[in-house]
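Enquirer: The structure that follows is given in the form of structure tokens.
Read the figures in this text as sums done on the coordinates, not as results from a lab. The model shown is predicted, which means the values in this text are computed figures rather than measured ones. So basically every Cβ, Gly included, is an ideal-geometry build from the backbone, and we count neighbours across all protein chains shown.
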């Protein structure tokens, strides 16, 4: 499993992403990851989705998240 940091321009890193598996984009609240999802779909990635609600939503569903999620809300 890999990840793309939102600190690095996605355009320079998409070539290393696998096209044969499902990709989920996640950010703090969902806006940047939605843009990333749309960009990947534009590049013909067909197994990509955005986690609506971001990291706080992930934590609210009892998925393990490190750190204090309350600072994101």
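Enquirer: Extending each Cα 7 Å along its Cβ direction at residue 68 and residue 35, get the distance between those two points in nm, one decimal.
Expert: Here the answer is 2.8 nm between the modelled labels.
Enquirer: Sticking with this one: I want to verify the translational diffusion coefficient of segment 20-63 in µm²/s; compute it with Stokes-Einstein, Rh as the Kirkwood radius over Cα pairs, at 4 °C and 1.567 mPa s. Write down the numbers at each step before the final one.
Expert: Numbers: Rh = 10.6 Å.
My calculation gives 123 µm²/s for D.
Enquirer: Output the relative contact order of segment 20-63, whole-number percent, from Cα pairs under 8 angstrom with separation of 6+ residues.
Expert: Details: 53 pairs, mean separation 21.2, N = 44.
Taking the mean separation of contacting Cα pairs over the length of segment 20-63, I get 48 percent.
Enquirer: Packing-wise, with mean Cβ within 10 Å as the measure, how do 37-50, 12-25 rank, highest first?
Expert: Final packing ranking: 37-50, 12-25.
Enquirer: Contour minus end-to-end for residue 14 and residue 45, with contour as 0.36 nm per residue of separation and end-to-end as the Cα-Cα distance? Write down the numbers at each step before the final one.
Expert: Numbers: separation 31, 0.36 × 31 = 11.16 nm, distance 1.00 nm.
Using 0.36 nm per residue and subtracting the Cα-Cα distance, I get 10.2 nm.
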